[in-house]
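Below you'll find the structure, written out as structure tokens, and then a few comments.
Each value in this text was obtained by applying a stated rule to the coordinates, not by laboratory testing. Here the structure is a predicted model, which is why all the values come from computation and not from measurement. So basically every Cβ, Gly included, is an ideal-geometry build from the backbone, and we count neighbours across all protein chains shown.
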Amino acid sequence: MKSIPIIIFLILFCGTINSQSSIQENDVEIFIGSEGYDDSSPVLNFKLTAVSAVWERADLSSFPIGRNFTVTNDFNEVLYSLMPPVMDISRVSSWNGFNIHYSGGNSLFGYGKYKMEVFGENMIVISDAYIYIDWRDFRYPSQSIPYPNYDPYTNAIGPSNDIYIYYIHNLAEETGTFYYSHASNANFTSIPNGGTISIWGVKQISEPPKYMLIEYNDHPFLLWGPNPAISGEPAWVNIKRAINGSIPIVNPATLTYSTIATISNSSPD
């Protein structure tokens, strides 16, 4: 169990928030291409399996952003079947793939960390290759929200909300190599087997904040996200509060803290 001591200082500020009633995106967010597999049975099944809690996002109509997320089990296992013709790099403009859950359609995934594997037709094991993809960033997608660090995807490289995954299969050795790129016309970089990429890393923007304190409805509101440096997630988090009335502010380590909430992975806010 982790205990997080927090001293809350409320700073009121005003701003204009450009929002929309719901998120509408009609394109793919994780494009998939491949080569090197047996053309006599060319169906490849790319599978995403959640290895963390997965969140779904309702819309951008309210603020703060964290209020729009709820934990879900609807997107824990996601399948995308790559059908013939072979979608190699020469056909990148025709690639399809996985859709973020609010896009609608098929092969929907959520805000979570996933393991990606490749199977043959009828889910036959054809490769020991796998990677992890981390999509746990509450700032995603680009939203045009004028608060610091809230919309770095506006200035991300390539299409702001998309990544490209290319898998080259080694038929003789029943393995393969994954590659990624931030755009269809950019160079692809290999991913070590079992390695992890993140949406913010591929788009070359800052990591998600470990936590963020904002004013909401005349009250302080605390958001926090995953720590990329820590593998796994705590099942519980203790939030403790200390009240300081002295000026100047004393050393936070010397204050007396009391637990005000115990939060589980199933109730992130």
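Summary table below
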{"item": "Local net charge near ILE191, Cβ-Cβ under 15 Å (Lys/Arg +1, Asp/Glu -1)", "result": "-1"}
{"item": "Local electrostatic count at ASN45 - Lys and Arg +1, Asp and Glu -1, tallied over other residues with Cβ under 12 Å", "result": "-2"}
{"item": "Charge context of GLY110, other residues only, Cβ under 10 angstrom, K/R +1, D/E -1", "result": "0"}
